[in-house]
1. For B:Ala35 and A:Lys123, what does the FRET efficiency come to when R0 = 45 Å and r is the distance between their Cβ atoms, rounded to the nearest 0.05?
2. Between copies, how far does the label point of B:Lys130 sit from its twins, in nm, shortest first, when each point is 7 Å from Cα along Cα→Cβ?
3. What does the average come to when, for each residue of peptide B:26-36, you count the partner chain Cβ atoms lying within 10 Å of its Cβ?
4. For peptide A:102-111, how many partner chain Cβ atoms fall within 10 Å of a residue's Cβ, on average?
5. Report, to the nearest whole %, how much of the accessible area of the stretch A:59-193 belongs to carbon and sulfur atoms, 1.4 Å probe, protein only.
6. Relative to the other copies, what are the label-point distances for B:Met116, with labels 7 Å from Cα along the C-beta vector, expressed in nm at one decimal and sorted shortest first?
7. Is the protein assembly as shown best put as rounded, prolate or oblate by its Cα gyration tensor, with a ≥ b ≥ c the root eigenvalues, rounded for a/c under 1.5, and otherwise prolate when a/b is larger than b/c, oblate when not?
8. Check cross-link reach from B:Lys100 to the aspartates and glutamates: straight Cα distance under 14 Å, and skip same-chain residues fewer than eight apart.
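The values are calculated or read from the model by the stated rules, or taken from the named source; none is laboratory data. For clarity, every value in this text was computed on a predicted model and none was experimentally measured. Glycine also receives a Cβ, built like all others from the backbone with ideal geometry; neighbour counts cover every protein chain displayed. The accessibility values were calculated without ligands, DNA or RNA, using every heavy atom of the protein model including side chains. Shrake-Rupley method; radii C 1.70, N 1.55, O 1.52, S 1.80 Å.
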Number of protein chains: 2
Amino acid sequence: MRSTSSNARDRILTAANKLFYAEGIRAVSLDTIAAKAGITKKTVYYHFKSKDDLIEAYLVSRDQPNLELFRSWFEAAEGGLPDKVQAIFQNIAASARHPKWKGCGFLRTAAELANMPGHPAMKVGAAHKKKFEAWMAEEFQAAGRELAPYPAHDLARHVMLLLDGAFSTILVHRDAAYAEAAGEAARVLVAGALGGASQRA
Amino acid sequence: MRSTSSNARDRILTAANKLFYAEGIRAVSLDTIAAKAGITKKTVYYHFKSKDDLIEAYLVSRDQPNLELFRSWFEAAEGGLPDKVQAIFQNIAASARHPKWKGCGFLRTAAELANMPGHPAMKVGAAHKKKFEAWMAEEFQAAGRELAPYPAHDLARHVMLLLDGAFSTILVHRDAAYAEAAGEAARVLVAGALGGASQRA
DNA sequence: TGAAGTATATTCACTGGTGAGTATACTTTG
DNA sequence: CAAAGTATACTCACCAGTGAATATACTTCA
């Protein structure tokens, strides 16, 4: 049994999650993370081979939970496809009103690591965003062929662009209303693709 | 004559521009900037009261030039409103293919300073984005009342969201094609707002 | 006019503190 | 016991910001 070990590893990852997300990757030292996890820095280096490694692990740990969250918002929403897509944005708006909200960890990490394109964490971020896009495309595909002249994967990409635009813009303005605006735009695109007259909310 | 003075200040600002943009705000030290500017760190502190102050000056110096660039792309484009809007995105795609391109300096700075909401540089960034949005709204307003059920300022905000989405997404994937996708989405929205059938490229 | 004084601009050398990462030794537990 | 896990205590590099001194140019007024 390596229960103690995993405990330490988990505590490190939990601390890293909170601190990296709250303060940013470069603003947080391993000393601070170790302190928050209640262990020594050397123990951090026992479980992770470098800070970059821990950054990568941080993003890996967020991948599935974030996607699940989007999925649950989408599924819980009443109404048609436009409504379900819009619901994602409305939920983001709600999240963004919490004072601890600091944007999308993947996007912020990508911004901080823009000078290290090959960084392993970048790959995790890119994969995460691709998964979101692919999932959206699936949903659109499943929802019917009515969107013929507007391929599902194009529409999915456009929605994803609006989503990341919302994340970035809210962060700049500190105003969750931008997520609602993005939701309306997404709604217009999806409704339009479905061939129906684009009924706006 | 204070020519020497302005020279030093300008050199500092030029060096800060290049380094902050290329490496990120927190990754660059004032020692590095001073070295690049060919002066002493103390001289940096003579002209700027702190690193934060220099960060702010960096963004201030980018505000007008960036807006001018967008404007020039828009004006140079042939065709109607949808084409002119789309042209902005196409030009961003072209810029993004240069190896030195590292996204939008305002967005990346906002991501790095997410833990300091009141930071002066954040205000500069927010003001910059607002100017872009306001300019777009003006253009839409001027272009006619035909977009009745889709208020010009809503449409402007949607275009801005797509733009920032493009900036972020290109950075994550290192693929300028996302700007083209965003441009198509913007084209669909603008064309749709004009009441015409949304003819896609 | 020119000497004395003052503001501007710059340098060298430093401080206190923090950063990532490590050498070594202790401790737990199967 | 031996291996996994953790701690103490350290290195060396860097960083934001400063103290004290100096050089240059502009201003004042005897």
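1. The pair B:Ala35/A:Lys123 has a calculated efficiency of 0.90.
2. Nearest first, the other copies' label points are 4.0 nm away.
3. Other-chain Cβ atoms within 10 Å of each residue's Cβ, averaged: 1.
4. Mean shielding count: 6.
5. Carbon and sulfur together cover 56 percent of it.
6. 2.1
7. Judged from the Cα gyration tensor, the protein assembly as shown comes out oblate (a/c at least 1.5, b/c at or above a/b).
8. Partners found: B:Glu23, B:Asp175.
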